[in-house]
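Here's the structure we're looking at; comments come further down.
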Amino acid sequence: MKNIFFFTLFLLLIFSTVSAQKPQKLTSNQIYEKIQKLNFLGTALYIAAHPDDENTRLIAYLANNVKARTGYLSITRGDGGQNLIGPEISELLGVIRTEELLAARNIDGGEQFFTRANDFGYSKHPDETLKIWDKEKVLSDVVWVIRTFKPDVIINRFNHKTPGSTHGHHTASAMLSVEAFDKVGDTAQYSNQLNYTKVWQPKRLFFNTSSWFYKNQEDFDTATIGKLTSFDVGVYYPLKGLSNNELASMASSQHLCQGFGRVTTRGEQTEYVEFLKGDPLKDKNDIFSGINTTWNRINNGGEVGAILYDIEEKFDFVNPSKHLPKLMEAYKMIENLEDTYWREIKEKQLKEIIEASAGLYLEASATSASGIPNSNIEVEFEVLNRSNAAIELTSITSTIDEKILYKGLQLSQNKKVVFKETILLKTDEFSDPYWLKEQGTLGMYKVDNHQLIGQPEASRAVKIDFNLIINYMTISISKDVVVRYAERDKGEIYEPFEILPKITTKIKDKVLIFSDSIPKKIGVEVRAGENYVNGRLSLQVPESWSVSPREIAFSIEQKNDKKTVEFLVSPPKNESEGKLKVIATSGEKIYQKELIEINYNHIPKQAILLNSEAKIVRLNIKKSGSYIGYINGAGDAIPESLRQIGYTVVEINPSKIDENNLQKFDAIVLGIRAYNVVDELKFKQKFLLEYVEKGGNLIVQYNTDRGVDVGAPYSLGLSNDRVTDEFAEVEIIDENHEILNFPNKITKDDFNGWVQERGLYFPDSWSEEYSPIFSMNDKGETAKTGSLLIAKYGKGNYIYTGLSFFRELPAGVSGAYKLFANMLSVQKREIEIKEEIKE
């Protein structure tokens, strides 16, 4: 009982602090569970489309109850979604969701995989999905993951037989899995992969079905009678003090950028899988039935199993170190196994068990958070043996520069050894996400290194091998070099050590809008990656634009210090757009990258290198009114975009709204999903409507249809309607409506150049007080007229829009800026008309 209490406390500490970044320190209970897992030789792969699609209940059940090696293949990294915790979208959101998936797997016990497919946004049919993704490449990646992970069973999250009934990515993920199942064992299929791996044939393929995929429970029961295998995934784990459902809820709650934080659940829960292909089940209750999952599965594995099964049966929770002699004996036998697949997996698992059983603490912490290629860094080492086992540290090897440092240190019980060494970062590679290093396409990331495909991230380049002798047998345990420090309000913090460029630069605004021909000062921030950095900075602009001066010299003395220099950029007289690129030179080297750091408590700190550039747009735009109030929703960059074209934007704290402090604004805008995420609005809506009634202009951007009340003055029903094709034809319903004519003339051409989609979660019903402005639809669908609705209320106007301005304005889409300016100006036009009449 004491073990259970301390393990539960350990979990609570992990999930409530930044310790998600800390190295795992195993309790006796955890060591025992890892031995159980070591003694199960079976593998399962779960396949779906996005982060959050995975069934954490089933993954946790397979990994912790069945003890199978369990993986989740997410076809995409979720780049096309929205972000509830910050401003990051697109590829930066994909980085966050990658790390959230890894955090989830760290809890539910699974492993994580991806393909090169880019989540380009919502898709209504798998035909469109597979065209944009490049089906052959993604199918190749699915085959590759199966051949390298070698699952005995595959489980699809979605139904491959119902195209068009759900998100196209969902159905496509299942279709790809079914097709890959038939190809992975064929040497003629994707034969180039066989230079790195071998063919593999899973035993069977399932669909993780439920009544959710049917109209009702009765239809589900009728359609699946006699076809299903079911199991209770609500089992309780005494060693954890948690049920499987609690574990699964904790894992799902790591998807914070999608708003998946949730309470834990307990009790019986049935999951169903439907057999699709492969060897029929001999035991309906066991998806691994007929598959040998013991050590006898591999040649000479029986001898290893005899040792390890005995340790499992007689495990000493009080003194696990007593098992070290036998664990080391089994380790040496595993080293000699012919089966390379199981040898590598079991070596890795057993090393972790040996390290924990010995109470070994092995750490290599850099004295600086980053270094530049081919520079020296200082690393502090801590080595500690907390058992009475005979252990010697013979040497350490720095894998990045292949430097071997001989130590010959006898590690006495609980006597800490601390020392420092200098290692060379012998590489020209940076430690940014591998899939972002080269420019991809709308649907695919470009990855040239075949062996990186499928991996959630590249392994860290800066590693230390601790070469040891335990019970007179050699073993090497590898550790990433980390950065460890403390902050008073957070405690101990671990971060990854990064290899970064000597110079990075940054333009604050990724889109620079010139609403007239007046030149603008553009600030460029320069960051030093080491001490005493100097060089020259210049801007590359499109033809017809000009920049002054041609270049600026800079000098920075301290590492991580920043300096901002200013250029004067002059636009052409006519409308134009292109890219402004920052080029820094130092000696003979050119630096063109921006460093973006993502730092949230629930995931490790991330360093991303993207091209240091901005979109520049010369836009002939007119505005009426200038003082805008903005109520933030789920996070978007629209306030910054509006400031770009000359608006003064004040971000309003919802809790401070009252009957007196809104009238000063020319317009008030609510950010995306504001009513979904800001509870305070339900108490403040009366003041917003009073603002409109007295002559204000209120713009409400999209909210998801989850029973939310958007506080509209008249009946307004939200739906899941959306237009996902950014090239979809747009028809104007009323060309004479003021919102299309003041202060800018809006035509269909203003919808050219939109990105990812037209819009989402359009209303599908509304009262006669609203005027619909546009009609649009995806191919083969009926027209959707709810993308932009405007209604007169009292003296003011209420506007509701599902158009994706949160994507279009940061992307610098000219027509979107003009239309948004018109929405902000509606009430001003009415005032001007009244003044003209008086005159």
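Within segment 712-737, the set of residues being closer than 24 Å to GLY796 by Cβ and under 32 Å from the mean Cα position of the chain (by Cα) comprises GLY717, LEU718.
Counting only strands (runs of 3 or more DSSP E) that fall entirely inside segment 473-583 and contain at least 3 residues that are surrounded by 15 or more Cβ atoms within 10 Å (Cβ to Cβ) and touching a residue at least 40 places away in the same chain (Cβ under 8 Å), the qualifying elements are 473-480, 482-487, 491-496, 503-507, 511-514, 520-528, 533-540, 562-570. When the residues of segment 171-201 are filtered to those that are of a type in the set (Gly, Ala, Ser) and part of a loop (DSSP other than H, G, I, E, B), the one that is surrounded by the fewest Cβ atoms within 10 Å (Cβ to Cβ) is ALA188. Inspect segment 683-690 for any residue being at pLDDT 95 or above, under 24 Å from LEU740 (Cα atoms) and among the aromatic types (Phe, Trp, Tyr) and give the result as yes or no. Scanning segment 683-690 turns up no residue that is at pLDDT 95 or above, under 24 Å from LEU740 (Cα atoms) and among the aromatic types (Phe, Trp, Tyr). Given the criteria assigned to a loop (DSSP other than H, G, I, E, B) and either within 27 Å of THR98 (Cβ to Cβ) or modelled with pLDDT of 95 or more (or both), does SER387 qualify? Yes, satisfied.
Tell me, yes or no, whether segment 738-749 has at least one residue that is in the same structural domain as PHE665 (by TED's automatic domain parsing), under 36 Å from the mean Cα position of the chain (by Cα), surrounded by fewer than 22 Cβ atoms within 10 Å (Cβ to Cβ) and modelled with pLDDT of 95 or more. Spell out the reasoning first.
Of all residues in segment 738-749, those in the same structural domain as PHE665 (by TED's automatic domain parsing) come to 738-749.
Still in the running and under 36 Å from the mean Cα position of the chain (by Cα): 748-749.
Next, from what is left, pick out any that are surrounded by fewer than 22 Cβ atoms within 10 Å (Cβ to Cβ): 748-749.
Cutting the leftovers down to modelled with pLDDT of 95 or more gives us 748-749.
Yes; the residues of segment 738-749 include at least one that is in the same structural domain as PHE665 (by TED's automatic domain parsing), under 36 Å from the mean Cα position of the chain (by Cα), surrounded by fewer than 22 Cβ atoms within 10 Å (Cβ to Cβ) and modelled with pLDDT of 95 or more.
Considering only segment 253-264, state which residues are of a type in the set (Val, Ile, Thr) and surrounded by 14 or more Cβ atoms within 10 Å (Cβ to Cβ). Of everything in segment 253-264, just one residue is of a type in the set (Val, Ile, Thr) and surrounded by 14 or more Cβ atoms within 10 Å (Cβ to Cβ), namely THR264. Just so you know, in segment 69-95 the residues that are touching a Pro at 6+ places or on another chain (Cβ under 9 Å) and of a type in the set (A, V, I, L, M) include one that is farthest from ILE638 (Cα to Cα), and it is VAL95.
Only one of the numbered conditions (1) under 24 Å from LEU681 (Cα atoms); (2) in a loop (DSSP other than H, G, I, E, B) is violated by GLY625, and that is (1). Among all residues of segment 625-636, there is at least one that is acidic (Asp, Glu) and crowded, with 19+ Cβ neighbours inside 10 Å.
Scanning segment 111-137 for residues that are buried (at least 24 other Cβ atoms within 10 Å of the Cβ) and not in a loop (DSSP other than H, G, I, E, B) returns PHE113, PHE114, ALA117, PRO126, THR129, TRP133. Among the residues of this structure, ASN299 counts as one that is more than 30 Å from THR224 (Cβ to Cβ), outside any helix (DSSP H, G or I) and either more than 37 Å from the chain's Cα centre (by Cα) or at pLDDT below 95 (or both).
Restricting the search to strands (runs of 3 or more DSSP E) fully inside segment 723-839 and requiring at least 1 residues that are touching a helix residue (DSSP H, G or I) at 6+ places or on another chain (Cβ under 7 Å) gives 730-732, 788-793, 796-801. Considering segment 345-364, the residues that are more than 19 Å from ASN467 (Cβ to Cβ) and of a type outside the set (Val, Ile, Thr) include one that is nearest to the chain's Cα centre (by Cα), namely GLN349.
Candidates VAL447, VAL418: the one that is β-branched (Val, Ile, Thr) and touching a strand residue (DSSP E or B) at 6+ places or on another chain (Cβ under 9 Å) is VAL418.
Candidates in segment 539-582 are the residues that are out of contact with any Ser or Thr (no Cβ under 7 Å at 6 or more places or on another chain) and of a type in the set (Gly, Ala, Ser); of these, the one that is farthest from ILE513 (Cα to Cα) is SER555. Every listed requirement among (1) assigned to a loop (DSSP other than H, G, I, E, B); (2) without any contact (Cβ under 8 Å) to a residue 40 or more places away in the chain; (3) within 30 Å of ILE556 (Cα to Cα) is met by ALA458 save one, (3).
Scanning segment 628-656 for residues that are assigned to a strand (DSSP E or B) and within 29 Å of the chain's Cα centre (by Cα) yields TYR630, ILE631, GLU651. Is there a residue in segment 431-440 that is touching a strand residue (DSSP E or B) at 6+ places or on another chain (Cβ under 8 Å), part of a loop (DSSP other than H, G, I, E, B) and either in the same structural domain as ASN106 (by TED's automatic domain parsing) or among the acidic types (Asp, Glu) (or both)? Yes, that holds for at least one residue. None of GLN349, GLN258 is of a type outside the set (Phe, Trp, Tyr), outside the structural domain of LEU205 (by TED's automatic domain parsing), under 22 Å from ASP108 (Cβ atoms) and touching a residue at least 24 places away in the same chain (Cβ under 8 Å) except GLN349. Failed condition for PHE317, given (1) assigned by TED's automatic domain parsing to the domain that holds TRP200; (2) aromatic (Phe, Trp, Tyr); (3) surrounded by fewer than 16 Cβ atoms within 10 Å (Cβ to Cβ), with all others met? Tallying (1) assigned by TED's automatic domain parsing to the domain that holds TRP200; (2) aromatic (Phe, Trp, Tyr); (3) surrounded by fewer than 16 Cβ atoms within 10 Å (Cβ to Cβ), PHE317 fails exactly one: (1). Answer yes or no as to whether GLY86 is of a type in the set (Gly, Ala, Ser), closer than 29 Å to ILE596 by Cα and surrounded by fewer than 21 Cβ atoms within 10 Å (Cβ to Cβ). The answer is yes for GLY86. Candidates are the residues of segment 776-796 that are over 24 Å from HIS167 (Cβ atoms) and either in contact with a Lys or Arg (Cβ under 8 Å, 6 or more places away or on another chain) or free of Cβ contacts under 8 Å to residues at least 60 places away in the same chain (or both); the one that is surrounded by the most Cβ atoms within 10 Å (Cβ to Cβ) is LEU788.
Taken together, the criteria place GLU680 among residues that are within 32 Å of the chain's Cα centre (by Cα), of a type outside the set (A, V, I, L, M) and over 18 Å from LYS784 (Cβ atoms). Once segment 580-627 is narrowed to residues that are among the basic types (Lys, Arg) and over 20 Å from VAL511 (Cα atoms), the residue that is nearest to the chain's Cα centre (by Cα) is LYS605. Only a single criterion out of (1) within 23 Å of TYR817 (Cα to Cα); (2) of a type in the set (Ser, Thr, Tyr); (3) buried (at least 17 other Cβ atoms within 10 Å of the Cβ) is not satisfied by TYR591, namely (1).
The values are calculated or read from the model by the stated rules, or taken from the named source; none is laboratory data. These figures come from a predicted structure and were not determined experimentally. Neighbour counts run over all protein chains shown; Cβ positions are idealised from the backbone, glycine included.
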